[in-house]
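Q: Have a look at this one before I ask anything.
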Amino acid sequence: MKLYSYWRSSTAYRARIALNLKGLEYEIVPVHLLRDGGEHRKADYMALNPQGILPTLEDGGVALTQSLAIMEYLDETHPTPPLLPADAVGRARVRAFCQAIACEIHPLTNLRVLKHLVSVVGQGEEEKLAWYRHWTGEGLKGLEAMAAGSGAFVHGDSPTMADICLVPQMYNARRFNIDLTPYPTLVRIDETCRALDAFAAAAPEAQPDAGT
């Protein structure tokens, strides 16, 4: 397997965690999102992923895109340990948590949107940061409520796709100096996850292209 990844990409971070939890061997292929206008826009990468976004997972000659789809693919092809609960209600709850991050927070706060705010809309650095912190804060409020009454993790006592999505989001929140005091459940779960080897090995600073 080859994972096309950038160390600070939260979506690639999700895929790295999932691969690690499954105990799968894979090669990291760094794709720099800033160098030379963004390597994700180069023709060779666009041939793999027509959207020009991260991550892309190559497995057996097939290129798979979108982190949530990649996680479900890994769960179907390598069922142990499972990333989704066994019951329908549990699976719906975990998927809803994932989508609250991937469909609600991330589209408003990703690199493309932040760059557009500055270069096209004409917002300054302070306005950009205010935008990021507002929408992240709104999202975290909902996630805190959704995680209420959870076990050690977002759903029960083993990590699922929900935790895989949460940890990169919390990393980004800390990176942008968002006050996490109002979200004690999320903070607790994030700390529990990051203590696991699979999460620690997937962390941005542990990647071969870290700091580039």
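The values are calculated or read from the model by the stated rules, or taken from the named source; none is laboratory data. A quick note: this is a predicted structure, and the numbers were derived from the prediction, not measured. Neighbour counts are summed over all protein chains in view; Cβ atoms, including those assigned to glycine, are modelled from backbone coordinates with ideal geometry.
Q: For region 181-212, name all the residues that are closer than 30 Å to G149 by Cβ and among the polar types (S, T, N, Q).
A: Once the filter is applied, which keeps residues that are closer than 30 Å to G149 by Cβ and among the polar types (S, T, N, Q), region 181-212 yields T181, T185, T192.
Q: While we're looking at this one, here's another question. Given the criterion in contact with a Leu (Cβ under 9 Å, 6 or more places away or on another chain), among the hydroxyl-bearing types (S, T, Y), at pLDDT below 95 and at negative phi, identify the matching residue among Y183, Y132.
A: Testing whether each residue is in contact with a Leu (Cβ under 9 Å, 6 or more places away or on another chain), among the hydroxyl-bearing types (S, T, Y), at pLDDT below 95 and at negative phi leaves just Y132.
Q: Please specify each residue of region 68-114 satisfying the condition of being farther than 23 Å from E58 by Cα and of a type in the set (S, T, N, Q).
A: Q99, T109, N110
Q: Of these, A12, A18, which one is buried (at least 20 other Cβ atoms within 10 Å of the Cβ) and under 24 Å from W131 (Cα atoms)?
A: From the options A12, A18, the qualifying one is A12.
Q: Step by step: first the residues of region 61-86, then only those that are of a type in the set (G, A, S) and under 18 Å from I28 (Cβ atoms), then the one that is surrounded by the fewest Cβ atoms within 10 Å (Cβ to Cβ). Which residue is that? Steps first, answer last, please.
A: Let us first name the residues in region 61-86 that are of a type in the set (G, A, S), namely 61, 63, 67, 69, 86.
Remaining after also requiring under 18 Å from I28 (Cβ atoms): 63, 67.
Working: A63: 14, S67: 29.
So, considering only residues that are of a type in the set (G, A, S) and under 18 Å from I28 (Cβ atoms), the one surrounded by the fewest Cβ atoms within 10 Å (Cβ to Cβ) is A63.
Q: If only one of L114, L108, L129, L143 is in contact (Cβ under 8 Å) with a residue 40 or more places away in the chain and within 21 Å of Y13 (Cα to Cα), which one is it?
A: Only one candidate passes the filter, namely L143.
Q: Among the residues of region 112-129, what is the count of those that are part of a helix (DSSP H, G or I) and either at pLDDT below 90 or buried (at least 17 other Cβ atoms within 10 Å of the Cβ) (or both)?
A: Looking only at that region, the number is 12.
Q: Can you say whether R174 is in contact (Cβ under 8 Å) with a residue 12 or more places away in the chain, farther than 23 Å from I70 by Cβ and assigned to a helix (DSSP H, G or I), as far as the supplied structure shows?
A: no
Q: In addition: Could you run through region 159-211 and say how many residues are under 13 Å from the mean Cα position of the chain (by Cα) and small (G, A, S)?
A: Residues flagged as under 13 Å from the mean Cα position of the chain (by Cα) and small (G, A, S) within region 159-211 amount to 4.
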